[in-house]
Amino acid sequence: MSYGDPSRYINHLYVTEECRENTYVKEIIKRSHLPVTVIGDREHPDIEGRYPDNLTLGKHHLLLCRNRGRFFKPCPATREYTCCEYQVLNIGMGCPMDCVYCILQAYLNNPWISFFVNIEDLFAELNQAFIADPNTFFRIGTGEFADSLALDTLTAFSPVLVDYMRDKQHAVLELKSKSVVIDNLMGLEHGGRTVVAWSLNSPPIMEHEEIRTASLEERLAAAARVAEWGYRLAFHFDPIIWHDGWQEGYRSTIRRLFEVVPADRIAWISLGALRYLPSLKTIAGSRFPGSTFFYEEFIDGLDGKYRYFRSQRVEMYKLIVDELAKHAGPATCIYFCMESDNIWQEVFGFAPDEKGGLRAMLDKSVS
C-alpha cells in the first residue's frame, strides 16, 4: 500500500535558539502547521528511550538547526573498490521512511531527523569549491545521509537547489528518493543540470523491507512525469538482495521500468549488492524481527562490511545487467557502486580504467 508523503510522519518540530529568527525556518514552520519547541543550541530533542530502540519514535521529530561541519564532501568510499567519485552535499541527517537495510541505523547515533537551515553557508561552500577547481566536472548528490525529497513538502529546498544549479555547466545535481514528492520540481528552469533519481528493487523487497516508501508504480509514474518536465533520470538497484524469487522479481521491475519510463531520458543506472556494517544486523534484527535477509551467508568485505559471496554477486549482477541491456538506451551508463575490477571484468567484460575510468563514464552521460 502507498504511504503517500512521508513528511506527514513528522508530528513535532524543534528549532535551536540560534535559528528561531531565521527567515527560512519561519517559512518551514508556517508550511508545517506543527507544534514547535525551541531548544538550546547544544541541546537536542528529548526522545524517550535509548538509541536504537527509540529510532521509530524519533522519526516523528524533525530538528531545524545549523550544520557546524562541512556541507560538501567526497563520497566516503574505500580504496579497495571502484568509486565513481561522487560529491555529497549534506542537507540533513535521517529520514522519515524506514528501510530495514538502511545503513544510517548503524551510522548515526540519534533517533530524530535533522535538517540544516544555514543554507547560505551551503551555497558559499559550493561556490568556493567551483571557483577553486574550475576544470573539474562535479556530480553532486544530496541522498547520502537523507532522502533528497522526502521532506520537500516542508522544506521546499529542491527548487532552491535546482535554481542554483541551472547555469552550472561544469556540475550536475542528483536528487535521489524513495518518495514521490515531486510537485516542487514542476515548472522550474533547471537547465538540464538536475537529474532526478529513484531507488528500485524487486517487488517483494520494496513491499516488505521499505517502510513508508512509495510503491514501484508510484515511483515510475513520478519518473515519467519529471521526464516530461525535461529532467534526466537515474535509477539505483541498491541494495540488490538475495531472496526467494529474486530472478523474476528483478526482471519484472526492469520490464516495468522501461514500459513506463522513456529509455532515452535515463542518464545512469547503478547496481550494488547488499553490504552492511556488522552492527547493522543486530540493530535491524531487533527493530524488524520479521525480516530474514540478514541471515544469509556473508563474507567480510575489504571495506569492513559484510557482503554476499562473489559467486552470488556475479550471478545476480549478470541477470540484472542482461535484462537492462535488452532495454536501456546506448547513452545510459550502467555501472557498479563499490565493486572490484574483478567483478567488472566478470560481468561487463571490462574494467572502468579501460573506458577512461568510472568517473569519466558517468560524466560523459550528463556533460
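In the stretch 298-310, the residues that are closer than 14 Å to Met338 by Cβ form Cβ pairs under 7 Å with partners that are at pLDDT 90 or above and in a loop (DSSP other than H, G, I, E, B), at six or more places apart or across chains, as follows: Lys305/Leu277; Tyr306/Phe298; Arg307/Phe298; Arg307/Gly301; Tyr308/Trp242; Tyr308/Leu274; Tyr308/Phe298.
Of all residues in the stretch 233-249, those satisfying the criterion of being within 14 Å of Tyr317 (Cα to Cα) and of a type in the set (Asp, Glu) are Asp238, Glu248. Scan the stretch 117-172 for residues that are in contact with a Ser or Thr (Cβ under 9 Å, 6 or more places away or on another chain) and among the charged types (D, E, K, R) and the total you get is 3.
With the condition kept exactly as written, say whether any residue in the stretch 214-225 is in a strand (DSSP E or B) and crowded, with 16+ Cβ neighbours inside 10 Å.
No.
Counted as qualifying within the stretch 3-87 are the strands (runs of 3 or more DSSP E) with 3 or more residues that are more than 30 Å from Leu271 (Cα to Cα), at pLDDT 95 or above and more than 19 Å from the chain's Cα centre (by Cα), namely 12-16, 36-39, 61-65. Among residues of the stretch 190-213 being without any contact (Cβ under 8 Å) to a residue 40 or more places away in the chain and assigned to a strand (DSSP E or B), the one that is farthest from Tyr317 (Cα to Cα) is Thr194.
Of all residues in the stretch 226-252, those satisfying the criterion of being under 18 Å from Val196 (Cα atoms) and assigned to a helix (DSSP H, G or I) are Val226, Ala227, Glu228. I'd like to verify a number: residues in the stretch 98-117 that are out of contact with any strand residue (DSSP E or B) (no Cβ under 7 Å at 6 or more places or on another chain) and either surrounded by fewer than 19 Cβ atoms within 10 Å (Cβ to Cβ) or of a type in the set (Val, Ile, Thr) (or both), how many? The total comes to 6. Entry remark, the stretch 311-338: residues being surrounded by 15 or more Cβ atoms within 10 Å (Cβ to Cβ) and part of a helix (DSSP H, G or I) number 11 in total. Kindly evaluate Asp264 against the criterion of being closer than 30 Å to Phe138 by Cβ, of a type in the set (D, E, K, R) and surrounded by 18 or more Cβ atoms within 10 Å (Cβ to Cβ). Against the criterion (closer than 30 Å to Phe138 by Cβ, of a type in the set (D, E, K, R) and surrounded by 18 or more Cβ atoms within 10 Å (Cβ to Cβ)), Asp264 does not qualify. Of all residues in the stretch 139-164, those satisfying the criterion of being assigned to a loop (DSSP other than H, G, I, E, B), surrounded by fewer than 21 Cβ atoms within 10 Å (Cβ to Cβ) and either touching a strand residue (DSSP E or B) at 6+ places or on another chain (Cβ under 9 Å) or β-branched (Val, Ile, Thr) (or both) are Glu144, Phe145.
Could you please give the count of residues in the stretch 178-201 that are closer than 21 Å to Ile320 by Cα and surrounded by 23 or more Cβ atoms within 10 Å (Cβ to Cβ)? Within the stretch 178-201, residues that are closer than 21 Å to Ile320 by Cα and surrounded by 23 or more Cβ atoms within 10 Å (Cβ to Cβ) number 5.
The values are calculated or read from the model by the stated rules, or taken from the named source; none is laboratory data. None of these values were measured; they are calculated from a predicted model. When we count neighbours, we look across all protein chains shown, and the Cβ atoms used for this are built from the backbone with ideal geometry, even at glycine.
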